[in-house]
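Step one of this worksheet: look at the structure below.
The values are calculated or read from the model by the stated rules, or taken from the named source; none is laboratory data. As the structure is a prediction and not an experimental result, all values here were calculated from the model. Note: ideal-geometry Cβ built from the backbone for every residue, glycine included; neighbour counts use all protein chains shown. Accessible surface is based on the protein model in full, side chains and every heavy atom, while ligands, DNA and RNA are left aside. Shrake-Rupley method; radii C 1.70, N 1.55, O 1.52, S 1.80 Å.
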Amino acid sequence: MVDSVPGADVAKLTAPAENFTASTLQRYAGSLARLATPYAVDARGRTTSSYVASTLTPGSGLISSVHDLERFDLALKSGAVIRAEWLTLAWTPPNDASGHPLPHGYGWFVQVYNGEPIVWQFGVSDNASSSMVITRAPPRHDADPRRQ
């Protein structure tokens, strides 16, 4: 992922802060320069522009291009990020007490749409900014990695 940034506040760093090289910080600055400008409209009809999250946290702050998101999705499904068996486990909904599948796996919503298994996740931030990722689940692997 060559066009992703771990939080907009990285632009304020100078090498070797946080162990980033000067070329890495320059690459981050280039990515931030191409970033879309957000806006919000207040009750009086005035527009404001700012990103709410500036620091990388477990729930926000990562800035990425569509191409990097695609690379991540492909790497995730190919087993480069997590073994295929673990991904299958994460994207398999557990059953509730009555034996019916729940609408989620581990950290993702899981469902079948038009006969295709899909997984999705969303996030909502201040000022009504939001995100949603929907992807097709890869073919299932029957092996349970917890038993290996």
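May I ask you to give the percent of accessible area on the chain that is carbon plus sulfur, with a probe radius of 1.4 Å?
The value for the chain is 57 percent carbon and sulfur by accessible area.
So what is the relative contact order of the chain, in percent, for Cα pairs below 8 Å that sit 6 or more residues apart?
Dividing the mean separation by the residue count of the chain yields 18 percent.
Per residue, how much space in cubic angstrom lies within the convex hull of the C-alpha atoms of the chain?
178 Å³
If you average over every viewing direction, what projected area does the convex hull of the Cα atoms of region 76-131 give, in nm²?
That works out to 5.8 nm².
Mind jotting down the distance between the C-alpha centroids of region 38-53 and region 16-31, whole Å?
One Cα centre to the other: 29 Å.
Could you check the spin-label model distance between residue 102 and residue 2? Points 7 Å from the Cα along Cα→Cβ, value in nm.
4.1 nm
Are there any trypsin sites (Lys or Arg not before Pro) in region 1-40 that are in a DSSP loop and have at most 15 other Cβ atoms within 10 Å? List them by number.
34
Mind checking the log10 I(q)/I(0) for region 1-60 at q = 0.15, 0.22, 0.27, 0.30 Å⁻¹? Debye, one equal scatterer per Cα, no solvent, two decimals.
One equal scatterer on each Cα of region 1-60 leads to -0.54, -0.92, -1.18, -1.30.
Using only DSSP helix segments of four residues or longer, with each worth -39500 (n - 2.57), what per-residue ellipticity at 222 nm results for the chain after dividing by its residue count and rounding to 500?
Estimated from H runs of four or more residues: -6500 deg cm²/dmol.
7 Å from Cα along Cα→Cβ at both residue 22 and residue 75: what's the point-to-point distance in nm?
2.7 nm
For 20, 122, 72, give me the order by solvent-accessible area with a 1.4 Å probe, most accessible first, ignoring ligands, DNA and RNA.
Most to least solvent-accessible, the answer reads 122, 72, 20.
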